[in-house]
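The values are calculated or read from the model by the stated rules, or taken from the named source; none is laboratory data. Computed from a predicted model, the values in this text were never measured in an experiment. Positions of Cβ are backbone-derived with ideal geometry, glycine not excepted, and every protein chain shown enters the neighbour counts.
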Amino acid sequence: MSGTVASSRLARLAQRSAEDRRAAAEQCELCGEAIPAAHRHLLDLDSRELLCACRPCSLLFDNPAAGAGHYLLVPERRLRIDDFALEDLVWEQLRVPVDMAFFFHSSAAGRVQAFYPSAMGATESLLGLEAWVELGAANPVLRTLEPDVEALLVNRARGARRHWIVPIDDCYALVGLIRSHWKGLTGGAEVWRQIPKFYDELDRRSRGASREDTC
């Protein structure tokens with residue numbers, strides 16, 4: 001298994017199932033107000049932690065200046081890119097050892113990072129930067145990714161060729177789902193029942209877009 005298992009609270013959140021996170025997220029972590037199961041998150045850029053936020057706090061931090069370079073509101077944009085250009089050779093050059101992964105620009109690292117879901121949680125893969133440059137040239141929509149808080153999510157499992165731009169917390173929700181349901185060496189039947197449900201729900205919440213979109 002390549003890379004290192006992410007150790008931030010962001011990854012620890014992913015290690016719990018979506019149900020566990022919903023049950024635990026009863027209060028805004030900024031003001032202490034009660035919050036519903038469906039709520040926004042803030043990313044603490046220093047600690048890489050995700051913080052649950054109530055609606056008033058979310059509205060406050062919707063202004064980038066409010067975070068003073070410390071907090072970023074995780075956006076809600078979800079794009080399904082049906083014409084995304086990713087050849088098998090380029091995928092191999094990205095050095096991801098499994099068929100699902102997400103990619104985002106880390107401000108702290110100063111580069112794009114690649115992670116994939118595993119039975120151990122979110123695991124970093126050594127990214128082939130040359131291949132990422134090629135991927136970006138073929139898909140201008142990647143220029144619109146917000147650093148730290150948006151990701152390219154790729155699903156090539158079992159013959160799929162699906163691509164989305166999603167909020168970073170969606171990626172860790174997928175990681176949590178896989179970790180909580182994984183059994184044995186191949187995952188077991190239950191995890192492979194849950195994964196399509198995750199992507200079906202993601203499709204429901206996404207709007208279609210083109211790889212050429214830059215706004």
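Data for the structure
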quantity	calculated
Output for region 97-113, where each listed residue is among the aliphatic types (A, V, I, L, M), crowded, with 16+ Cβ neighbours inside 10 Å and either in contact with a Lys or Arg (Cβ under 8 Å, 6 or more places away or on another chain) or touching a residue at least 40 places away in the same chain (Cβ under 8 Å) (or both)	MET100, ALA101
Residue match in region 158-170 (condition: touching a strand residue (DSSP E or B) at 6+ places or on another chain (Cβ under 7 Å), closer than 19 Å to SER107 by Cβ, of a type outside the set (D, E, K, R) and without any contact (Cβ under 8 Å) to a residue 60 or more places away in the chain)	no
Scope region 88-120; condition of a type in the set (Lys, Arg) and farther than 18 Å from ASP148 by Cα; matching residues	ARG95
Selection count, region 153-189, where residues are surrounded by fewer than 18 Cβ atoms within 10 Å (Cβ to Cβ) and touching an Asp or Glu at 6+ places or on another chain (Cβ under 6 Å)	2
Residue in region 121-128 that is β-branched (Val, Ile, Thr) and over 20 Å from HIS41 (Cα atoms) present	yes
Residue list for region 159-187, restricted to those being among the charged types (D, E, K, R), in a strand (DSSP E or B) and in contact with a Lys or Arg (Cβ under 9 Å, 6 or more places away or on another chain)	ARG162
Test result for ALA53, closer than 25 Å to GLY69 by Cβ, crowded, with 16+ Cβ neighbours inside 10 Å, at pLDDT 50 or above and in contact with a Phe, Trp or Tyr (Cβ under 8 Å, 6 or more places away or on another chain)	yes
Every pair of residues 6+ apart whose Cβ atoms lie under 7 Å, when the first sits in region 191-207 and is modelled with pLDDT of 95 or more while the second is assigned to a helix (DSSP H, G or I) and among the acidic types (Asp, Glu)	LEU202/ASP170
Lone qualifier among LEU145, LEU152, LEU94 - being at pLDDT below 95 and under 25 Å from ARG211 (Cβ atoms)	LEU94
